[in-house]
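First up is the structure itself, then whatever we jot down about it.
What follows is calculated from the coordinates using simple rules that are stated; it is not laboratory data. Computed from a predicted structure; not experimentally measured. For neighbour counting, all protein chains shown are included, and Cβ atoms are generated from backbone atoms with ideal geometry for every residue, glycine included.
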Amino acid sequence: MPPMCGRFVQAEDPEVYVAAFGVDRFAGDLLARSYNVAPTDAVYAVAEHNGVRQLGSFRWGLVPWWAKDRKAAARHINARAETVPVSPAYRDSFATRRCLVPADGFYEWQVRPKGKLPHYIYRRDGQPLALAGLWARWRDPATGDALTTCTIVTTGPNETVAQIHDRMPVILSADVWTTWLDPAVTDTDGLRALLTPAPADLLTHHAVPTLVNNVANNLPECIAPLSTPAAGT
């Protein structure tokens, strides 16, 4: 099964994320709706450039600026909140290149006697989640082409997610977005203090079909509630 947080949903038009996140400018490519975002896929993320909040398109899986190649991307889809300020892969981005990754919801797999059962986790009010992210720009030494990538920061679970998994993405509330996005904010301890589990009552979830296990399945049915699972499954 995918690692935590290894799959999520971005199925809205960019205008929805622009409005939800107070974005000043859409500066990315128009991406296809995705009900099954997988590592190294193109995703939308919100970042600040010269005081302007922008929605751009990034590759999911951070490639540090100093990497020799882009192979690191698949290993760096998540950054642990506990170590992100000091991790060689993430500390530069944590210092000055922070972002928000909009998500309609995310998937986690619950261990059960007969296998893992996927769940779709989302806000009770239906609004997009603001996942704490970091970004980096890497230049291919062979071609000179630039690649802009991102990662999602994870933390321990709240009471809702703990029923399913032992990690969850950091979900930032609107009152801290400005601080998180501002590259001039350098208070590492203050930023680290933001990386805590979201309130349990913010989220709800339901079991979904195992078709989400295959990245080739990118359909609205991926988030459809599953009929009550059979006992012991």
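Look at the alpha carbon pairs under 8 Å that are at least 6 residues apart: their mean separation over the length of segment 135-177 gives a relative contact order of 27 percent. A DSSP coil position with no more than 16 other Cβ atoms inside 10 Å describes none of the chymotrypsin sites (Phe, Trp or Tyr not before Pro) in segment 124-223.
Over all distinct Cα-Cα pairs of segment 1-121, the Kirkwood formula returns a hydrodynamic radius of 15.7 Å.
Our helix-only sum for the chain, with -39,500 (n - 2.57) per DSSP H run of n ≥ 4 divided by its residues, gives a mean residue ellipticity at 222 nm of -2000 deg cm²/dmol. Loop-located trypsin sites (Lys or Arg not before Pro) in segment 63-142 (DSSP state other than H, G, I, E, B) with a sparse environment of at most 14 neighbouring Cβ atoms within 10 Å: LYS68, LYS114, ARG124. Of the chymotrypsin sites (Phe, Trp or Tyr not before Pro) found in segment 1-63, none is in coil by DSSP with at most 16 other Cβ atoms within 10 Å of its Cβ. Under the convention that each Lys and Arg Cβ holds +1 and each Asp and Glu Cβ holds -1, the size of the dipole of the chain around its Cα centre is about 760 debye.
With each label modelled as a point 7 angstrom along the Cα→C-beta vector, the ASN217-ALA32 pair spans 1.7 nm.
Using C-alpha pairs below 8 Å separated by at least 6 residues, the relative contact order for the chain is 22 percent.
Each part gets one Cα centre, and for segment 1-64 versus segment 95-155 those centres are 9 Å apart. Pull out a ≥ b ≥ c, the square roots of the eigenvalues of the alpha-carbon gyration tensor of segment 109-150, then state rounded if a/c is under 1.5, prolate if not and a/b is larger than b/c, and oblate in the remaining case. It is oblate, given that a/c is not under 1.5 and a/b is not larger than b/c.
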